[in-house]
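Down below is the structure, laid out as structure tokens.
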């Protein structure tokens, strides 16, 4: 039965039914029409089934005498619809449903073909026919052969396209593989079906403008379009693939297939749904089939031997089969593969000069060819002794033969094995000096990187390649390693033979002193990169880490690449960047500590020791920087309890050893590092008890440890809310904490109290206990020594506690007698706390303030007592007195804003205070922030008006030397306008005077205060324009630089970088034009234009621009001035330019009746197009050389 149904559904009729059903699956507009028809049909079917019963019911109701006329009409309708007319209604409904379905089906089929064609084929994208021509140009009429792997991938791509057609989503497919593996042909074959190819758009190579073109294309798709779009983008880097994904993923029915020859790691954050296909070589059977199709004379055995050396590259299989001489070919030759590749080259050309050209191209991943890079091609050919003119002709023939491919302005050899073979030949015949001299001539970082990518791509797996590797590395000298080029060679090759590479480096550095290594400059970066990779392996770890330490000892801050950081992080317990067990690493660290005895060297080793402690988070910093990553082993991770136990045992051993064999200075570092790691140490029973005992045993030798340990224990007990600590260690910590808290030793208590801030204590009770004990000691012994020198804020609490004890004020005179010893560096909190909490002065502190003032040698220190006491009668009295006697500077008033000194004053008290304060200071700016803090807090319209006017009249705009003043000025003006208050002419004149003052004092109009001035000008343009134009005419351009500085103000000043402050844009355009006509300065129009900064980010122009262009037509200098010269963007400029061009295009239609504006827009559009095209070239070069 199952087989029967399978065969049935395979029939064309049923397949068509399924296809139609899929077409209708998500058609909302179709269902909105069809659903009521279906409901109607269901009703008619019910009526048909029950028609006899309905007929009886309706007849009874119609013949009943009690039924009204309207009710009879209703029952007649029911009878016609459900009893008599059910058949014809059902038929009519079915016909209607079929008709609607056919119409919708036609619409869908139509939208899948014609509507797409009208959008798809433009100057940015190529059709499938073009794609086919590209394939045919290098496929050499050979039938496409695929294996099971490629067949499955083709099915994967087709299924993905089919699925998105009906799911209304987008799909992104990434195809990667080495050059010549057949990626472009593979994708072509996947889409070479009538079902797909009419929807394909092909892009030969990703360029800087491609993303913008894709976005523009997608935006032009009709809303709710059902059209499938399949983009195939060749030569597309993974970074560009990610950009495309991020910008196009929201468009439905979109398939983007990108192709590249560089393997990448999937970005699972930004491209979670991306499908990846890594194309590998053909399997043996298919490669043999391809070889025999090219060369029919080859039997199975010969074809298999040749296939073995092709690595599954279809292109290479073709070349080898075509060039193999069945009579001369020796398959037993150990150099058979090399001979096959030579035969291919001999088949292509027998000229030595031609081979040199191919070798030159093979040096780089991408060889410079045309455009701006043609100069580099000439330099390379000259260096290699190749005639540039004849080489260009030869390259064209190589392109026709298919061995050389074009990629924009660059060339490369395909398939990759031939390119690597030619590159090997070049390396064998060239020494270091020859290559280094070439790159000195080129002086291009991109081409150098392209060379090293090629060098890293060589697989040094045969004896010949091993010899080549040894030849390259053994020729390197210390001088060559010291420069960037030589160290890059070492870095590129170090993983090809790790032991040999590290041996070469050891030999070169063994006699180098620290002074020698400090001079290691350009080469250091890549040496450290190389060592960072070599330490990952067990067989090179020890040698590599020793060299890394050697470099860390001589780290030059100007040239280093963090050799010290990489060295220390290698000793992390987890994620150390190596497969080596942590115990082995700690043993090596111990041996280095024994070998190097200077404190300077050992400091580095102790940093590594501290890094080896257990952490909350581990840094995964070690990365493989290679373009072609080697098989880097996984980081070591402990898998058994024995490994964990062994780590802690070795750690304890190393800590003890380092402490016992270090200087006093280093011992302190070891102990401090341990204490800072205590929170994590406490979590491990293998070390926590040992840790505490180790520290406890050293408390008598290092007394300062007590306060540090007490603080750390308090933090641990406070923060251990997740119960990660064992009960045993918690009890131990509690016991130690109580021991410190309950100590009978007063000196120990003081040490703990004055070293540990209040919030660090385990509990308030513990803090208060210490505070009371010390206060009691002071009470009894009158011992005040050192209290004014303590940096901790705990002395304030101590003063309060002492005042609480001293009810009768027995210590009052003692504390007052401390005042003469106060200096600006003293901590006066103890005195403040005692005096202002003492009950001795009951007269509003009048007597106390008199005593303090009398005893102070430095009267300015009285300000602290005023500040602490808040505004009272006596504190205000002394504040006024200090200002009158010039014993404090008025700028100190700003300090009263900390703690909001005026908060508790009533409005009346505040006005009296501020007015009295201002009467005693010359510079009113110094009371401004204090005043405005209260005004803004009160939100009182009367206060805002009164003090805005007052401070403007007192030149607040010219006192903006402090940030807080600038901030309050802006808030002041905003509040003034918010209350709909108006500026009088007198106030506006004050503003004008502030502008002139700034101008005459060479100010830049650059702070937030002047930002407010521009707001005022914008509100009162007529008032200021009269003064501005008179000033402009007064100055005239002959007074440069005065004229220039005033123009700078007109154009927005320094703030124009962030705000549009052009004053000309505030003024009535007609007034500006009239002034331009009457002023004697003919270039004034350019000044106005310069200030407008038109950036074409919108699709309209300001009125002033239109009037300028109308009044002064066909002036390209004016055009240039109007257009902004200050822009910022990230990434390529191409999409920025495209956006501007799009807006200009809209404006050309908007202003088509004004020919002067149109001329300006055309000029601007052409400029942006040229700029975009230049940037596009740079983008292409950057991509090809990246």
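No lab work stands behind these numbers, since they all come straight from the coordinates. Please read all numbers here as calculations on a predicted model, not as lab measurements. Heads up, the Cβs are rebuilt from the backbone with ideal geometry, glycines too, and the neighbour counts pull from every protein chain shown.
Things worth noting here:
- Ordering 427, 230, 921 by the number of other Cβ atoms within 10 Å of each residue's own Cβ, fewest first, gives 921, 427, 230.
- Cβ-derived FRET efficiency at R0 30 Å, residue 579 paired with residue 148, nearest 0.05: 0.25
- Ordered by the count of other Cβ atoms within 10 Å of each Cβ, fewest first, 1110, 948 give 1110, 948.
- Extension gain, residue 499 to residue 1163, is 232.6 nm, computed as 0.36 nm per intervening residue step minus the present C-alpha separation.
- With the simple spin-label model, which puts each label point 7 Å out from Cα in the Cβ direction, the residue 922 to residue 219 separation comes to 6.1 nm.
- Using a Förster distance of 41 Å, the FRET efficiency for residue 734-residue 512 (Cβ separation, nearest 0.05): 0.15
- In range of the label at residue 273: residues from the range 172-202 whose backbone nitrogen is under 14 Å from the point 7 Å along Cα→Cβ: 172-173
- Length gained when the stretch residue 652-residue 522 is fully extended (0.36 nm per residue, less Cα-Cα span): 42.8 nm
- By the beta-carbon count within 10 Å of each Cβ, the least crowded to most crowded order of 247, 665, 153, fewest first, is 665, 247, 153.
- Once C-alpha pairs closer than 8 Å and six or more residues apart are averaged by separation and normalised to the residue number of the range 252-382, the relative contact order reads 15 percent.
- Taking 0.36 nm per residue of separation and subtracting the current Cα-Cα distance, fully stretching the chain between residue 285 and residue 877 would add 202.7 nm.
- Placing a pseudo-label 7 Å from each Cα along the Cα-to-Cβ vector at residue 239 and residue 600 gives an inter-label distance of 4.0 nm.
- The simple spin-label model puts a point 7 Å past each Cα toward its Cβ; for residue 130 and residue 719 those points are separated by 6.2 nm.
- Put simply, when 812-823, 788-799 are sorted by average Cβ atoms within 10 angstrom per residue, most first, you get 788-799, 812-823.
- Calculated FRET efficiency for the pair residue 1112/residue 1148, C-beta based, R₀ 25 Å, to 0.05: 0.80
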